[in-house]
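The values are calculated or read from the model by the stated rules, or taken from the named source; none is laboratory data. These figures come from a predicted structure and were not determined experimentally. With ideal geometry, Cβ positions are generated from the backbone for all residues, glycine too; neighbour counts draw on all protein chains shown. For accessibility, only protein heavy atoms count, side chains too; no ligands or nucleic acids. Shrake-Rupley method; radii C 1.70, N 1.55, O 1.52, S 1.80 Å.
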Amino acid sequence: MKELQFTKMHGAGNDYVYIEGFSQKLPADLERLAIELSHRRFGIGGDGVILILPSETADARMRMFNADGSESEMCGNGIRCVAKFVHDSGIARKPQLKIETGAGVLSLDLDVEQGKVNQVTVDMGEPRLLASQIPTTLGNPNEPVINQKLEFKGHNFFATCVSMGNPHCVIFVPELNDELVLGIGPLIERDERFPKRTNVEFVEILATGEVRQRTWERGSGETWACGTGASAVCVAGVLTQRTDRTILNHLTGGDLLLRWDEHSNHVFMTGPAKEVFQGRVRVDFE
């Protein structure tokens, strides 16, 4: 039996169990760890588990596991909470941090109040737009996928695909509802045209600078927020001429501010990072 120290945190309601690997040894079976700890009835509860580890190239390394145990490249809400943990715990108490992820090393600017991180701006990097980079077999592999027609359950949708280090299928709709998110979302996630599966964003336009988003997240189901998804929505809105380059995105768990900079081609995301509680959990496997 092993005891692990953990911290429950969330970014705009996108909640994870955070476990640091600087001072404690982690179990070998990380997939099982994520499944058991993420369960909202039999575990701690969360959209997944995020490990905060030493890095040779950055202030810390982040590994993210979904609630089903699958590992993902990146989590925009999760990395803000990683930055808060790294700063507030004293691993690296700096106003700017670099965090290593499966999508590369990202830079983060911290908004610190009374010694604690309250909000974080993440340089999410450049969006990847070619079909082969998503990856998806929709359209030409060497061209962007913009307003690509999809049909599910007799309904026609128009998808714009963006990778922010992980795959996203963005669909603009007149009005958000459960039938779309819970009924169509899982079908698109596992559609054979997305060989690594995909996150699915359904988006309602409120104004050229304001949207509302719900996400069916790959490996976790509907989550209350998705930072990489919100970044993809910002890009997709510009590509389809629906929104400005800077948008306020209303998600179920809170708001995110996104900006796709036309000079650097980088997407910048600003949002909260909150600690919920800390604790210790016993795991009976190595």
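Structural remarks
- At R0 = 41 Å, FRET efficiency that the Cβ-Cβ distance of Lys116 and Arg197 yields, to 0.05: 0.70
- Here is how the number arises for the chain: DSSP H runs of 4 or more residues each give -39500 (n - 2.57), the sum is divided by the residue count, and the result at 222 nm is -4000 deg cm²/dmol.
- Shown are Thr136, Thr252, whose ranking by accessible area with a 1.4 Å probe and every protein chain present, most to least, is Thr252, Thr136.
- On the basis of the beta-carbon distance and an R0 of 30 Å, Leu187 and Ser132 show a calculated FRET efficiency of 0.85.
- The portion of the accessible surface of the chain made up by carbon and sulfur, rounded to a whole percent, is 46 (1.4 Å probe; DNA, RNA and ligands excluded).
- Rough spin-label spacing in nm, given labels placed 7 Å along Cα→Cβ, for Val281 and Ala207: 4.1 nm
- Kirkwood Rh in Å, taken over all unlike Cα pairs in the chain: 18.9 Å
- When chymotrypsin sites (Phe, Trp or Tyr not before Pro) are flagged only if DSSP places them in a loop and at most 15 other Cβ atoms lie within 10 Å, the longest unflagged stretch of the chain comes out as 43-284.
- In the context of the full set of protein chains, residues of segment 238-286 present 56 Å² of accessible surface per residue (probe radius 1.4 Å, heavy atoms only).
- In segment 88-144, Rg over Rh equals 1.22, where Rg is the alpha-carbon radius of gyration and Rh the Kirkwood radius from pairwise Cα distances.
- The orientation-averaged shadow of the Cα convex hull for segment 117-164, equal to a quarter of the hull surface, comes to 5.1 nm².
- According to the calculation over all Cα-Cα pairs in segment 138-286, the P(r) per 5 Å bin from zero is 2, 9, 19, 23, 18, 13, 7, 4, 3, 2, 0 %.
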